[in-house]
Amino acid sequence: MPVVFILVSVLCSVFVSVLLKLAPRWRVDVGQAIAWNYALAGGATLLLLAPPLAPLTDASVPWWVLAALGLLLPTIFLALAASVRTAGIARTDVAQRLSLVLPLVAAFVLFGERFNSAKLAGCVLGLAALAALVWRTRAQDAGHGGWRWPLLVFAGFGVIDVLFKRVAATGLPLGSALAVVFALALAVSFALLIARRARLEWRGLLGGIALGLANFGNIYFYLRAHRALPGEPSLVFASMNLGVVVLGSLTGLVLFRERLSRLNLAGLGLAVLAVLVLARA
């Protein structure tokens with residue numbers, strides 16, 4: 001059963017990228033889809049995770065961190081969509097997964113955690129993999145500046161991970177934090193729509209429902225996998241990240257005919273190695 005949870009979580013994660021890739025073809029307004037996604041994800045959090053709301057009244061609740069997450073999630077989601085569109089699913093999914101390097105660096109620089117040789121090697125491999133993956137020839141780039149979006153995805157999801165770890169350190173239940181963050185992200189998403197005077201369309205609503213199911217499914221089944229294997233977090237971590245790297249890359253290469261240079265392919269190999277090393281660190 002834990003294998004099923006991990007597999008479904010991986011499928012949901014890659015499906016998010018596929019939906020973002022197909023959105024322009026289906027004439028779906030990505031901003032609207034992202035907004036409705038948070039409405040569905042927030043409702044699913046309340047329904048399935050049943051988070052306690054009492055802890056939110058505690059004085060130790062890091063409201064500034066939750067507010068930052070509420071602002072970052074929808075904006076980085078837009079960057080994710082731009083990255084999928086210009087750089088492809090393979091590069092984007094790997095960049096997102098390699099963002100796990102930033103929390104490790106933050107733990108060392110900001111929180112005084114000691115680095116061992118495995119963590120250091122994993123971080124170096126991860127950064128080398130990212131550099132190899134975002135490298136594009138002039139012909140590949142075609143004026144899109146496609147390397148910038150994967151780097152923004154890498155940095156954005158890394159900061160989001162650091163902020164979630166900061167929330168966890170306060171003892172606030174994850175479900176309670178998600179309920180607040182999704183509500184704030186929903187408000188920010190609709191504020192962005194109002195700012196650009198977007199007209200709500202049924203395509204955006206349907207796209208948001210699909211996106212919300214995939215986005216929340218990724219989180220929900222990842223948590224279920226951790227609960228099913230409480231003594232083996234590194235196994236869940238490695239399986240999830242490797243699964244997304246491999247399936248995301250295959251999806252981009254096979255279904256969407258994304259072109260990767262030999263250096264990019266070497267970056268994929270380094271990414272797999274980095275995840276394996278960090279899982280054992």
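Worth pointing out:
- For segment 239-273, the residues whose amide N sits under 15 Å from a probe point set 7 Å from the Cα of Ala121 along the beta carbon direction are 270-273.
- Pairwise FRET efficiency - Lys165 versus Arg27, Cβ, R0 = 41 Å, nearest 0.05: 0.60
- A viscosity of 1.002 mPa s and a temperature of 20 °C, combined with the Kirkwood radius over C-alpha pairs in the Stokes-Einstein formula, give segment 213-272 a diffusion coefficient of 163 µm²/s.
- Just the protein heavy atoms count here, and of the accessible area of the chain at 1.4 Å, carbon and sulfur take up 69 percent.
- The mean sequence separation of alpha-carbon pairs under 8 Å and at least six residues apart, normalised by the residue count of segment 92-247, gives a relative contact order of 31 percent.
- Scaled radius of gyration (Cα, divided by 2.2 N^0.38 Å) that the chain gives: 0.98
- For segment 184-191, putting each phi into the Karplus relation 6.51 cos²θ - 1.76 cosθ + 1.60 with θ = phi - 60° gives couplings of 5, 5, 4, 5, 5, 4, 6, 4 Hz, in residue order, rounded to whole numbers and with x for Gly and Pro.
- Estimated D of segment 1-137 in µm² per second, where Rh is the Kirkwood radius over Cα pairs and Stokes-Einstein applies at 10 °C, 1.306 mPa s: 88 µm²/s
- Whole-number Å³ per residue for the convex hull built on Cα positions in segment 53-110: 118 Å³
- In the chain, a dipole from Cβ-located charges (positive for Lys and Arg, negative for Asp and Glu) runs towards its positive end, and of Val180, Leu276, Leu193 it is Leu193 whose Cα lies farthest in that direction.
- Under Stokes-Einstein, with the Kirkwood radius over Cα pairs as Rh, the value for segment 1-81 at 37 °C and 0.692 mPa s is 217 µm²/s.
- When the Cα convex hull of segment 93-244 is projected onto planes of every orientation, the mean area is 12.1 nm².
- Note on Leu235 and Leu46: their simple-model spin labels are 3.7 nm apart, each label 7 Å out from Cα toward Cβ.
- The chain - percent relative contact order, Cα under 8 Å, separation 6 or more: 43 percent
- Accessible surface, the chain, averaged per residue in Å² (probe 1.4 Å): 49 Å²
- For segment 15-84, chymotrypsin sites (Phe, Trp or Tyr not before Pro) are listed when DSSP marks them as loop and at most 12 other Cβ atoms sit within 10 Å of their Cβ; the list is Trp26.
- Lys, Arg +1 and Asp, Glu -1 on Cβ, resulting dipole of segment 124-256 about Cα centre, debye, nearest 20: 360 debye
- Under 5 Å between amide hydrogens, built in the peptide plane, is the criterion, and for Phe115 it picks out nothing among residues at least 5 positions away or on other chains.
- Taking Cα centre as origin and charging only the Cβ of basic (Lys, Arg, +1) and acidic (Asp, Glu, -1) residues, the dipole magnitude of the chain rounds to 740 debye.
- For segment 7-50, the Kirkwood estimate of the hydrodynamic radius, built from every pair of different alpha carbons, is 11.7 Å.
- Under the simplified labelling scheme, the Arg196-Thr57 pair shows an inter-label distance of 4.1 nm, with each label point 7 Å from Cα along Cα→Cβ.
- The chain, helix-only ellipticity at 222 nm - DSSP H runs n ≥ 4, -39,500 (n - 2.57), divided by all residues, nearest 500: -25000 deg cm²/dmol
- Globularity index of segment 180-281 is 1.44 (Cα radius of gyration / 2.2 N^0.38 Å, N = number of residues).
The values are calculated or read from the model by the stated rules, or taken from the named source; none is laboratory data. Given the structure is predicted, the values throughout are model-derived calculations rather than measurements. Counting neighbours? That spans all protein chains shown, and the Cβs are built from the backbone with ideal geometry, glycine included. SASA here: full protein model, heavy atoms, side chains in, ligands and nucleic acids out. Shrake-Rupley method; radii C 1.70, N 1.55, O 1.52, S 1.80 Å.
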